[in-house]
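Input: a single structure, listed below in structure tokens.
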Amino acid sequence: METEIKLRINGERYSLRVDTRTTLLDALREGLGVTSTKKGCDHGQCGSCTVLLDGRRTLSCLTLAVTTDDTEIVTAEGLGGDNEPHPLHRAFIDNDAFQCGYCTPGQICSAAGMLTELDAGHPSAATPQGSEPRLDDDEIRERMSGNLCRCGAYSHIVSAIREVGGRA
Amino acid sequence: MKPFDYQRAHDVAQAVATVAAEPGAVFLGGGTNLVDHLKLGITAPELLVDVTRLHLDEVEELGDGGVRIGAGVRNSDLAAHPLIRQRYPVLSEALLAGASGQLRNAATTGGNLLQRTRCVYFQDTTTPCNKREPGSGCSALGGYTRHHAIFGASEHCSATHPSDMAVAMLMLDAVVEVQGATGPRRVALADLHRLPGDRPQDDTILEHGDLITAVELPAAPIARRSRYRKVRDRASYAFALVSVAAAVEVADGRITEARLALGGVAHKPWRAERAESALRGAVADDEAFAAAAEAELARARPLEGNAVKLPLLRGAITAVLRDLCEEDSR
Ligand SMILES: Cc1cc2nc3c(=O)[nH]c(=O)nc-3n(C[C@H](O)[C@H](O)[C@H](O)COP(=O)(O)OP(=O)(O)OC[C@H]3O[C@@H](n4cnc5c(N)ncnc54)[C@H](O)[C@@H]3O)c2cc1C
Ligand code: FES
Ligand code: FES
């Protein structure tokens, strides 16, 4: 069954007809050619499909497109362009934070969302009870645990995020 | 995936009436469990009624010191809420021990309580499973049971309830507010989930069309010092093998009050009443903690593949109690 939705994706307004079964991930990739968002597992287990939905990091493979009517989506390519990369794009390159690059757009969106959560004082499982979170490697690892990297670029991903988070 | 209709609900009564009237209708929360099940073919509803825009997203302070949590509050927002962090730190810890940052941003309080088991056979539609297809048999019998129940299982099903949040809420004596076709009612969280018996298809006592609207946490000064400890196969982003939610009160070196709930061990979050009574009045030392764990474990019935849960639980219970009592003596 088809439904019409209106949303913003990377700053552009769209009006789309989507099958109610279509995930946001498939709507982005197959429907709109926004291919930076990657399909790894399609079951919420890898994080490669992470996008920002109204500013919050979310898995697009477990989000039905129909539910995103009237929302704002930002993907890794929407965070910055070729001429003005986002600080996280820059830091991932400078720190050699990927090999094949398949998980990278998801890592970058997740890192952007996670730094916002940290700024807002949200705790994580690495935050000692009763204290405020600080950006350290344990916090980064715990908060990024929903993003898997088959190439094992983890230690450089941590340095890239530390660099950007420390700057803010 | 079978085609289905989608409706966004704007009114609680309307949402309940719609689902109650339509056998093929289900509520949709954050979708992190349901959408997965649609893909896996575990369920094939005809209508999804989206309840995330019902404005059930408030965390309110109650006059008596308790807190009321709307069913639509996202797991991440609940974990970060100052009232929860101050009054019920165990709940914040349990939420943060579950899933990932992305999933917690989507998952709702109501959906989390009603998430279904992660039993590999339940999730694999090519294998028999009494929970998914009543009467088809249980593939876990003689199968892979590392994550299965050690308490309260039946010959028909030994699946576990996977929620971390529910374990902390059980320890906190939470009450669930339900809106059904005939009106609102309150259900103790302890009575919400069931043991499998010969009807493993029913995870809870809820009827078709029942909408969870909120969870109330009664005032609990004991919970200001409370902890959640989770043991799993990797350090983060994995379901519990076992988990413990605990709170204790100690006076003059003796435990005056203790509350303990366990996760990953049964078809529902498990209240460790025997351990609680063993602790009441005991001297707060390692010997008493170990004795409390033994008192509970005496009624465990491990399977071939999950006997490892016994030593894990012994260790987790002892460690969490030691942490809490050490804090107390400081
Ligand atoms: C990779 C992965 C790892 C995970 N790890 C963990 C973990 O470690 N610990 C843990 O606890 N959880 C974990 N989860 C599960 C996650 O917590 C649940 O999927 C989530 O809490 C479900 O909430 P939801 O709002 O997305 O529910 P939905 O998927 O929307 O719904 C779940 C069920 O509840 C029903 N429902 C939803 N809202 C209501 C309501 N208000 N009233 C009545 N019925 C309702 C739906 O009809 C459906 O049957 C994990 C999930 C994934 C995918
Ligand atoms: S593709 Fe969405 S989490 Fe793996
Ligand atoms: S860089 Fe290859 S999967 Fe992460």
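The values are calculated or read from the model by the stated rules, or taken from the named source; none is laboratory data. Keep in mind that this is a model prediction, so the values were computed, not measured. No Cβ is skipped: glycine too gets one built from the backbone with ideal geometry, and neighbour counts run over all protein chains shown. These accessible areas exclude ligands, DNA and RNA; they are computed on the full protein's heavy atoms, side chains included. Shrake-Rupley method; radii C 1.70, N 1.55, O 1.52, S 1.80 Å.
Yes/no matrix, rows are residues, columns are (1) more than 16 Å from ligand 1 (Cβ to nearest atom); (2) without any contact (Cβ under 8 Å) to a residue 60 or more places away in the chain; (3) within 11 Å of chain B (Cβ to nearest Cβ); (4) not hydrophobic (A, V, I, L, M, F, W, C):
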residue: A:SER124; (1), (2), (3), (4): no, yes, yes, yes
residue: A:THR127; (1), (2), (3), (4): yes, yes, yes, yes
residue: A:PRO133; (1), (2), (3), (4): yes, yes, yes, yes
residue: A:ASP136; (1), (2), (3), (4): yes, yes, no, yes
residue: A:ILE140; (1), (2), (3), (4): yes, yes, no, no
residue: A:CYS151; (1), (2), (3), (4): yes, yes, no, no
residue: A:VAL158; (1), (2), (3), (4): yes, yes, no, no
residue: A:ILE161; (1), (2), (3), (4): yes, no, no, no
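Using the structure shown, decide if A:ARG143 is over 22 Å from A:LYS39 (Cα atoms) and either at pLDDT 95 or above or exposed (fewer than 14 other Cβ atoms within 10 Å of the Cβ) (or both).
no
Any residue that is in contact with a strand residue (DSSP E or B) (Cβ under 7 Å, 6 or more places away or on another chain) and away from ligand 2 (no atom under 13 Å from the Cβ) - is there at least one of those in region A:44-52?
Checked region A:44-52: at least one residue is in contact with a strand residue (DSSP E or B) (Cβ under 7 Å, 6 or more places away or on another chain) and away from ligand 2 (no atom under 13 Å from the Cβ).
In region B:96-109, which residues are assigned to a helix (DSSP H, G or I), touching a residue at least 60 places away in the same chain (Cβ under 8 Å) and within 9 Å of another protein chain (Cβ to nearest Cβ)?
Those that are assigned to a helix (DSSP H, G or I), touching a residue at least 60 places away in the same chain (Cβ under 8 Å) and within 9 Å of another protein chain (Cβ to nearest Cβ): B:LEU103, B:ALA106.
Can you give me the number of residues within region B:188-206 that are surrounded by fewer than 19 Cβ atoms within 10 Å (Cβ to Cβ) and outside any loop (DSSP other than H, G, I, E, B)?
4
Cβ-Cβ under 6 Å, sequence separation 6+ or interchain: first residue in region A:41-56 and touching a residue at least 40 places away in the same chain (Cβ under 8 Å), partner in a loop (DSSP other than H, G, I, E, B) and near ligand 1 (Cβ under 9 Å from one of its atoms). Which pairs?
Between residues of region A:41-56 that are touching a residue at least 40 places away in the same chain (Cβ under 8 Å) and residues that are in a loop (DSSP other than H, G, I, E, B) and near ligand 1 (Cβ under 9 Å from one of its atoms), the close pairs are A:GLY47/A:GLY146.
Against the definition (in contact with a strand residue (DSSP E or B) (Cβ under 8 Å, 6 or more places away or on another chain) and either assigned to a helix (DSSP H, G or I) or more than 24 Å from B:ARG85 (Cβ to Cβ) (or both)), how does B:HIS148 come out, yes or no?
No, not satisfied.
Against the definition (at pLDDT 95 or above and not in a helix (DSSP H, G or I)), how does B:ILE69 come out, yes or no?
yes
Would you confirm, using the coordinates I've provided, whether B:VAL244 is assigned to a strand (DSSP E or B) and open to solvent by 10 Å² or more (accessible area, probe 1.4 Å)?
no
For region A:113-168, which positions are within 16 Å of ligand 2 (Cβ to nearest atom) and either in the same structural domain as A:LEU53 (by TED's automatic domain parsing) or of a type in the set (S, T, N, Q) (or both)?
Within region A:113-168, A:SER145, A:ASN147 qualify.
Can you pull out every residue in region A:28-57 that is within 14 Å of A:GLU72 (Cα to Cα) and more than 13 Å from every other protein chain (Cβ to nearest Cβ)?
A:LEU28
Report every pair of residues separated by at least 6 positions or lying on different chains whose Cβ atoms are under 8 Å apart, first residue within region B:77-95 and at the interface with chain A (Cβ under 9 Å from one of its Cβ atoms), second among the β-branched types (Val, Ile, Thr).
Hits for this filter: B:ASP77/B:VAL59; B:SER92/B:ILE84.
Looking at region B:188-199, I want the residues that are of a type outside the set (Val, Ile, Thr) and have a partner that is surrounded by fewer than 17 Cβ atoms within 10 Å (Cβ to Cβ) with Cβ atoms under 7 Å, at least 6 apart or on another chain. Which pairs are those?
These pairs meet every condition: B:ASP191/B:ILE205; B:LEU192/B:ILE205; B:ARG194/B:ASP202; B:ARG194/B:ILE205; B:PRO196/B:SER154; B:GLY197/B:SER154; B:ASP198/B:SER154.
Anything in region B:79-114 that is open to solvent by 30 Å² or more (accessible area, probe 1.4 Å) and either within 16 Å of ligand 3 (Cβ to nearest atom) or among the polar types (S, T, N, Q) (or both)? List them, or say none.
B:GLN86
Going by the conditions given, is A:GLY81 touching a Cys at 6+ places or on another chain (Cβ under 9 Å) and not assigned by TED's automatic domain parsing to the domain that holds A:THR104?
Considered against the rule, which asks whether it is touching a Cys at 6+ places or on another chain (Cβ under 9 Å) and not assigned by TED's automatic domain parsing to the domain that holds A:THR104, A:GLY81 comes out as no.
Which numbered condition in (1) away from chain B (no Cβ under 13 Å); (2) touching a strand residue (DSSP E or B) at 6+ places or on another chain (Cβ under 6 Å); (3) crowded, with 16+ Cβ neighbours inside 10 Å; (4) small (Gly, Ala, Ser) is the only one that A:SER15 fails?
(3)
Can you tell me which residues in region A:37-51 are in contact with an Asp or Glu (Cβ under 9 Å, 6 or more places away or on another chain), over 17 Å from B:HIS37 (Cα atoms) and open to solvent by 20 Å² or more (accessible area, probe 1.4 Å)?
Selection gives A:LYS39 alone.
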